[in-house]
1. What ranking do Tyr41, Tyr206 get, fewest neighbouring Cβ atoms within 10 angstrom at the top?
2. Using 0.36 nm per residue of separation minus the Cα-Cα distance, give me the extension gain between Ser174 and Asp17 in nm, one decimal.
3. Can you list the HN-Hα couplings for region 229-243, worked out from phi with the Karplus curve (6.51, -1.76, 1.60; θ = phi - 60°), rounded to whole Hz and with x for Gly and Pro?
4. List the relative contact order of region 56-137 as a percent without decimals, with contacts defined as Cα pairs under 8 Å and 6+ residues apart.
5. How do His137, His281 line up, fewest other C-beta atoms within 10 Å first?
6. Run down the lysines and flag those whose C-alpha is under 18 Å from the C-alpha of Lys251, throwing out any fewer than 8 positions away in its chain.
7. Suppose R0 equals 25 Å; then what is the FRET efficiency for His343 and Leu265 from their Cβ-Cβ distance, rounded to the nearest 0.05?
8. Under 27 Å from the Cα of Lys43, which lysines turn up, not counting those fewer than eight places away in the same chain?
Amino acid sequence: MSNSSSSLATFGEPWPDYNDGLSYTDLIPPSCSGLSVIEYYSKKHHNSAPLHGWLQRIQNEQITIDGVVVKDPNTILRDGSVLVYHRLPWKEPHAPYQLQVLFEDDDLVALNKPSGLQVLPGGLFQQRTVLTQLQWHISKGASLCQQPHPAPVHRLGRGTSGILLCAKTQFAKSRLSAYFADGTSAVGNKRSNDAELNSTRKISKYYRALVSGVIDEDQVIIDQPIGLVKYPGVAKGLYVASPSGKPALSKVSILERDVKVSSTLVQVEIQSGRPHQIRIHLSFIGHPLIGDPLYVAGGHPNNFNAELTDESFAQDGGYRRPENPVPGDCGYHLHAHRLLLAHPITNEVNVPKHEVNKG
């Protein structure tokens, strides 16, 4: 089905200036009994803040043990104690808030996510997310609340726009999540048998991307594995093109070539769901997305040798945002254009589709 933006239902509430802050709770295990508060945080949660940052948080009275504010960083922890770090409210970076409803029934809803809006909480974006807007929409008794708690069943990068699928029931969520997982695992098991791979898939995703350079071939198959490497500012590591990574498969079709500005508009069908797969694969073949601040030709990040130092920490004691690019940075041109879906309840084929002008 196709929708024009002028006829789509929209919802969304403006963001408050500051979020509500966060609380992080640790139940002290026997192995950590006898450690001081500062020893525990500097060892167990060193990715959150350097030693000086945790001392600053204690001085700010942001840490409690069993509900009592910790004032001495050398306070000894006991087995079973409840240790809580209270993160102060902060002003999250700018993010759009309005969402368009492309398709909806009793079991699922397909939304048009704008570029710049994160799907789930993470990093600096704990409130300004798609999930928050869905929760606020439910609390107002809107149509989406006819079923329990709609929630995204896959992710789009913060800078990626387009179709985001959300489940409205727990059953639909589990089945849709299984569809996505099955598609990714099938690539690893059956990469050499394309017909068999297509016959088992319940979800097909098609994206449009604007890349640098002119691609000569009309179609390109990219099966470069994707793996993790250590990267400053990304605690869990950064996904890159890696021979030792997990299987990934992208099918690229050329839509339009612009020789004058040396760019190509492509459609990409992904048959696996590795993080940042399209950005990595297109940069791997030497055609990174125009405006991508992170991935350069070869499928690796720009400024790969950039480092953080323990001397750099913010007002709340945590590390400052790294100067080198990180995955959530926007600026690239990538749109989730079309989704082919076997309905999780009826098995009927649905095709949520959203057009976007090349920009």
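1. Taking fewest neighbouring Cβ atoms as first place, the list is Tyr206, Tyr41.
2. 53.0 nm
3. Computed from phi, the couplings for region 229-243 are 9, 5, 8, x, x, 10, 4, 8, x, 10, 7, 9, 5, 8, x Hz.
4. 19 percent
5. Going from sparsest to densest Cβ surroundings: His137, His281.
6. List returned: Lys190, Lys202, Lys205.
7. In this case the efficiency is close to 0.25.
8. Once the sequence-local lysines are set aside, what remains near Lys43 is Lys71, Lys230, Lys236.
Coordinate-derived values only; no laboratory data. Quantities reported herein were computed from a predicted structural model and do not represent experimental measurements. As a convention, Cβ positions derive from the backbone with ideal geometry for all residues, glycine included, and neighbour counts pool all protein chains shown.
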